[in-house]
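The values are calculated or read from the model by the stated rules, or taken from the named source; none is laboratory data. Keep in mind the model is a prediction, meaning the values are calculated, not measured. For neighbour counting, all protein chains shown are included, and Cβ atoms are generated from backbone atoms with ideal geometry for every residue, glycine included. To get the accessible areas, we keep the full protein, side chains included, count just its heavy atoms, and leave off ligands, DNA and RNA. Shrake-Rupley method; radii C 1.70, N 1.55, O 1.52, S 1.80 Å.
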Amino acid sequence: TSPAQKAASNDPLTLLLAMSTTVGAAKACNIRLSAFDGKEHYAITLSPGGATVCLPSKTYAMMAAGLAIVAVCPWWSDLARLVEETGAGWVVNNAASPPPLQQPAYLVACRATRPLEEVAAEFRERICRLAESPAEVQARRENAWRAVRERFSPEVISREWSAYLTTLAEGGGQA
């Protein structure tokens, strides 16, 4: 059990505040949210700096298990794009700037986060809405499960790599 989980009890606001103190600049953590309906859902956090270099691999495992995701991350991150494109969950934006790679002051942009109180309030609001929408939560769980099987299964990834490597071997692409 992480410090965030211990501190959280059943209050989503307390959960997010505790979670924010345990997440390093490029480290993601997962928090189990099961207080409102007895089923598991996960919050995955990713700082703006971390979002420029990684996508938490735990996300795929959670989706494969059919878990709905609440991603606390920059709106422009790969994590946000994955969650939104697949319909596997919801995104709570924690970035205060556009994508850092588009900024002249890259390091400053990486550190630009929304005030914690704003992010916590949005997170709490999202969780409260989920408690009132069990059908939507179930649909997101099914979307997550289906997306992994249709887009990210070993068979699909193998086929895509095989096609790519064949193209390279035939001189039709660049490495």
For the range 25-48, does any single residue satisfy the condition of being open to solvent by 30 Å² or more (accessible area, probe 1.4 Å), farther than 20 Å from Ala144 by Cα, modelled with pLDDT under 50 and assigned to a helix (DSSP H, G or I)?
no
Selection from the range 49-69 of residues that are among the hydrophobic types (A, V, I, L, M, F, W, C) and within 15 Å of Trp145 (Cα to Cα)
Ala61, Met62, Met63, Ala64, Ala65, Leu67, Ala68, Ile69
Given the structure, is Arg81 under 16 Å from the mean Cα position of the chain (by Cα) and of a type in the set (Lys, Arg)?
yes
Just one listed residue, out of Ser133, Ser153, Ser158, is free of Cβ contacts under 8 Å to residues at least 40 places away in the same chain, under 13 Å from Gly89 (Cβ atoms) and either in contact with a strand residue (DSSP E or B) (Cβ under 6 Å, 6 or more places away or on another chain) or not charged (D, E, K, R) (or both), and it is Ser133
In the range 50-73, is there at least one residue being among the aromatic types (Phe, Trp, Tyr) and out of contact with any Phe, Trp or Tyr (no Cβ under 8 Å at 6 or more places or on another chain)?
no
